[in-house]
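Encoded as structure tokens, the structure appears first; notes follow it.
The values are calculated or read from the model by the stated rules, or taken from the named source; none is laboratory data. Keep in mind that this is a model prediction, so the values were computed, not measured. Using ideal geometry, Cβ is built from the backbone for each residue, glycine included, and neighbour counts are taken over all protein chains shown. To get the accessible areas, we keep the full protein, side chains included, count just its heavy atoms, and leave off ligands, DNA and RNA. Shrake-Rupley method; radii C 1.70, N 1.55, O 1.52, S 1.80 Å.
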Amino acid sequence: MSRWRLSAHAFRTILTKEILRFSRIWLQTVLPPMVTTALYFVIFGRLIGSRLGEMDGHPYIDFIVPGLILMSVISNSYANVVSSFYNAKFQRHVEELLISPVPNAVILGGYVAGGVVRGLVVGTAVTVVASFFTDFAVHSYAVTVAVFLLTSMLFATAGFVNAVFANSFDDISVIPTFVLTPLTYLGGVFYSVSLLPEVWQRVSFANPVLYMINAFRYGLLGVTDIDLGLAFGLIVAFIVALGGFALWLLDRGIGLKS
Amino acid sequence: MPPALSLHNLRKTYRSGVEALKGIDLDVAEGEFCALLGPNGAGKSTAIGIVASLVRKTGGEVHVFGHDLDRDPGGVKACIGLVPQEFNFNQFEPVAEIVVNQAGYYGVPRREAWVRAEAVLRQLDLWDRRTVMARTLSGGMKRRLMIARALVHRPRLLILDEPTAGVDIEIRRAMWDFLRETNRQGTTIILTTHYLEEAERLCRQVAIINHGEIVENASIGALLEKLHTESFVLDLREPLRYVPALPGYELRRLDETTLEVVVPRGRTVSGLFDGLARCGIEVSSLRNKQNRLEQFFIDMVDRGRQAQGGAQ
Ligand SMILES: Nc1ncnc2c1ncn2[C@@H]1O[C@H](COP(=O)(O)OP(=O)(O)OP(=O)(O)O)[C@@H](O)[C@H]1O
Ligand SMILES: [Mg+2]
């Protein structure tokens, strides 16, 4: 069998398996982000936001929509891959893949694609929730979709790397709690960095998530604190670096083979 | 024709420092049914793990149907079906999906994968259970699920690491028939087991591994030839009053009506009966004290232990 055909069927198999996995447990995977986002909209959008006035020329509730959508995309793409692949390690069914002739790039690609689909499903669900609270038009579909896909790929890959290194269920919650959440909250989901003092603005620009949220906000609202080209360049660079690292880990069998 | 499996000077030292394989050589010809035997911790699963790409070797070479594991791992993997010692499927996945997915990893298109999965699951009596979570299967069913999963891509070499552990007698016999038939249709099989009767019934080649070294590798016939003695247990018609002395045989009284006899090579069972008849002892039934391969195996492991003791 040609390598391509094998890879195509194997990729489809892994992706289908991943989609079935999170669909089976949709109560834990798809519903919670919808509930959380609804709460954010009620509290920050309606109750507090109505007293805040405009931000970057948009009503506050509209301003936070892109950040909240992207935040759920980031955490769900990450969570999907890290828990699925760590579970595969923990229950040892990762061995089903290791003994088979699937190329490592296809294993990585399959899991990342699963994370992207979960991000897409949750992102769409959150968008639907948002549309109950506010009407918003899309400024640029191309930018919105591109930022969504790339960000989701990036965090799915990061989740994969996390799972390779994880040796316990605690290890898969450390990064989301201590790295991802602070970076997203400080990445300007709820405020425009232009409100910050000079020093903190400069610190904020070292946060990659800021670029993603702003690029996504540009896609939806047409406003941004940063340069779009720089944002895309940064996201792609991160994907290449993390993807390369993940493949290297797989080739060496690190965390997977004794 | 290259052998189905060829190991050359295969070594494995785990990071813990345990030297699990000390340079083993083994050839298994195509179509062979080979038992890999050895006590707990001998290195069987380690050797299998290396062949199946689950364990990284620290030295030596592996060839499967001529494919070199180092240069063409994909070629090696495509030939092998593995039934591991421990359950390693997703406990929360439905039975049929586990088998269908495995086929997908070997490049079988999904529709075809379902057709094949149905066939193997029916053969292994699991088709009724296809929609339940693997977690809810009994131990014996889980073993059969792993066999189904290993066969769905039609491997040329099937490796089973203790496939009948914890399987009841009836199902074990059904499994034996199934494996024999699979082998008859051309699949080379390598199997580890601690039930030596199983090895004696199924296999033609036997390799014994102990402390990371191959200590015996021969056909089962040749191995049993080497058996120095054979022990029998005799049930007697009447209570025994005294243990008779029969030159050449070793007799031991187990209880009133039971006698254990060791028959050395060169002596015959009919000679034994003649001797007993002369003493007026009638034998109502006779059985082997232990399976013959078991006897060989125990002798060998004992010799290994003595040799080690001597060296220390
Ligand atoms: N992952 C591991 N890390 C460190 N040592 C290991 C590992 N796996 C096995 N060993 C050691 O290697 C040796 C051989 O183990 P192996 O599992 O190959 O034996 P085995 O012949 O399959 O035994 P059993 O009949 O009990 O299954 C043992 O001393 C074992 O403790
Ligand atoms: Mg073992």
Solvent-free Debye scattering, log10 I(q)/I(0), computed from the Cα coordinates of the protein assembly as shown at q = 0.06, 0.12, 0.13 Å⁻¹: -0.45, -1.12, -1.23
Cβ-Cβ FRET estimate between B:K289 and B:D177, R0 fixed at 41 Å, reported to 0.05: 0.90
Listing of segment B:55-89 residues, each with accessible area lower by at least 50 Å² in the full protein assembly than in the chain alone (probe 1.4 Å): B:R56, B:K77, B:N88
Distance in nm between pseudo-label sites at B:E170 and A:V138 (7 Å out along the Cβ direction from Cα): 6.1 nm
Counting DSSP beta bridges with both ends in chain B, the antiparallel % (nearest 5): 70 percent
Calculated diffusion of segment A:137-208, Stokes-Einstein form, Kirkwood radius summed over Cα pairs, 20 °C and 1.002 mPa s, µm²/s: 148 µm²/s
Neighbourhood net charge (12 Å Cβ-Cβ; Lys/Arg +1, Asp/Glu -1) for B:L236: -3
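Work out the count of Lys pairs in the protein assembly as shown where the Cα-Cα distance is under 13 Å, with the pair 8 or more places apart or on different chains. Display every interim value, and only then the final one.
Values: A:K89/A:K257; A:K257/B:K12; A:K257/B:K57; B:K12/B:K22; B:K12/B:K44; B:K12/B:K57; B:K22/B:K44; B:K22/B:K57.
Lysine pairs meeting the criterion: 8.
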Per-selection metrics, segment B:61-210 (Cα): Rg and Dmax in Å: 15.3, 45
For segment B:1-73 and segment B:161-226, distance of Cα centres in Å: 17 Å
Segment A:17-121, relative contact order in percent, only Cα pairs under 8 angstrom and at least six apart counted: 33 percent
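Roughly what % antiparallel, to the nearest 5, for the DSSP beta bridges in the protein assembly as shown? Please list the in-between numbers first.
Numbers: 40 of 57 bridges.
Of those bridges, close to 70 percent are antiparallel.
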For segment A:3-252, radius of gyration divided by Kirkwood radius, i.e. Rg to Rh on alpha-carbons: 0.99
Taking segment B:5-224 and dividing mean pair separation by its residue count, relative contact order in percent (alpha carbons under 8 Å, at least six apart): 29 percent
Phi to ³J(HN,Hα) by Karplus 6.51 cos²θ - 1.76 cosθ + 1.60 over segment B:244-254, Hz, x for Gly, Pro: x, 9, 10, x, x, 10, 9, 10, 9, 8, 8
Value of Rg/Rh across segment B:70-129 [Cα atoms, Kirkwood radius]: 1.00
nm² value of the averaged projected area, convex hull over the Cα atoms of segment B:251-309: 5.5 nm²
Nearest-ten-degree value, helix B:292-311 long axis tilted from longest Cα axis of chain B: 90 degrees
Segment B:R156-B:E61, length gained on full extension (0.36 nm per residue, minus Cα span): 32.2 nm
Chain B pair-distance distribution - Cα-Cα, 10 Å bins, rounded %: 6, 23, 27, 21, 13, 8, 2, 0
Relative contact order computed over chain A (Cα-Cα under 8 Å; 6+ residues apart), in percent: 26 percent
